[in-house]
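The values are calculated or read from the model by the stated rules, or taken from the named source; none is laboratory data. Owing to the predicted nature of the structure, the values given are computational and were not obtained by experimental measurement. Heads up, the Cβs are rebuilt from the backbone with ideal geometry, glycines too, and the neighbour counts pull from every protein chain shown.
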Amino acid sequence: MVTQQLRREMTKGGLIQAGIEVLVAEGYPGFTTFAVAHKAGLSNGALFRHFPTKADLLGEVVEEIFRLLRDNFIDSFVPKSPGDSPISPNELISLLWSIMTDEKLGAVYELYGVARRDLKLRETIATVLKDHIIELEAVGISVLTSALDIDADLAKNVVWLTIFATQGASINSLVLPGQDTTVELLDTLATLALSIRDIQTKLLSSKRSK
């Protein structure tokens with residue numbers, strides 16, 4: 001039996017999914033409560049029973065996009081069998097690149113530009129983004145400490161260097177797709193990550209020998 005609470009959650013989830021589809025297809029200018037409600041097969045009034053304002057809806061849409069991308073990233077590291085080897089730096093950075101160039105995240109990047117002049121939108125995104133950064137950092141550190149066998153502080157720096165580099169390149173690719181510098185960038189980041197691991201290993205070895 002479907003309870004009223006479950007029905008409400010299903011309707012809200014459908015509106016969020018519809019919001020993602022509208023944002024990706026139409027961008028921020030086309031992201032209206034009417035368009036989202038229509039996509040979900042509901043009335044505008046039904047939408048406002050779940051989301052009092054457009055900003056509330058947009059905030060949950062962005063939050064869901066971030067959650068989906070993080071979950072996809074995490075799921076990529078689940079071993080297919082107990083004997084699987086840890087993920088390599090090249091695989092790690094390739095996975096990160098696939099997420100950074102996901103069309104859903106591209107739609108969020110568009111919001112960043114609009115938020116520069118829209119204070120309400122900036123406040124909405126900032127709240128969601130802060131939580132996303134905390135969780136993304138934790139995931140990245142966990143993966144890197146396992147894949148590269150480096151300490152958490154060093155892993156944190158590598159995480160943000162890699163994220164900022166791939167994010168910048170992915171934003172450029174929205175305007176200049178097909179740039180052949182991407183492969184070189186990803187290879188350089190993987191090489192840098194391995195170099196950092198080797199430097200740490202040498203430093204630790206040197207300290208032990210003293």
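Given the residues Arg197, Arg122, Arg116, which is the only one that is in the same structural domain as Arg70 (by TED's automatic domain parsing) and exposed (fewer than 13 other Cβ atoms within 10 Å of the Cβ)?
Arg116
Here's a check for you: in region 148-176, which residue that is more than 20 Å from the chain's Cα centre (by Cα) and more than 26 Å from Gly27 (Cβ to Cβ) is surrounded by the fewest Cβ atoms within 10 Å (Cβ to Cβ)?
The qualifying residue surrounded by the fewest Cβ atoms within 10 Å (Cβ to Cβ) is Asp153.
Quick test of your reading of the structure: Pro52 fulfils all but one of (1) part of a helix (DSSP H, G or I); (2) at pLDDT 90 or above; (3) not small (Gly, Ala, Ser). Name the failing condition by number.
Failed condition: (1).
What residue, of Leu95, Leu69, Leu58, is in contact (Cβ under 8 Å) with a residue 40 or more places away in the chain, surrounded by 15 or more Cβ atoms within 10 Å (Cβ to Cβ) and in a helix (DSSP H, G or I)?
Just one listed residue meets the conditions, Leu58.
Do we find that Leu174 is assigned by TED's automatic domain parsing to the domain that holds Met100 and at pLDDT below 85 in this structure?
Against the criterion (assigned by TED's automatic domain parsing to the domain that holds Met100 and at pLDDT below 85), Leu174 qualifies.
Can you tell which of Gly140, Gly106 is surrounded by 19 or more Cβ atoms within 10 Å (Cβ to Cβ) and part of a helix (DSSP H, G or I)?
Gly140
Residues of region 1-39 being outside any helix (DSSP H, G or I) and surrounded by 12 or more Cβ atoms within 10 Å (Cβ to Cβ), which ones?
Gly27, Tyr28, Phe31, Thr32
Please work out which one of (1) at pLDDT below 90; (2) out of contact with any Phe, Trp or Tyr (no Cβ under 8 Å at 6 or more places or on another chain); (3) acidic (Asp, Glu); (4) part of a helix (DSSP H, G or I) is the condition Asp84 fails and give its number.
The one condition Asp84 does not meet is (4).
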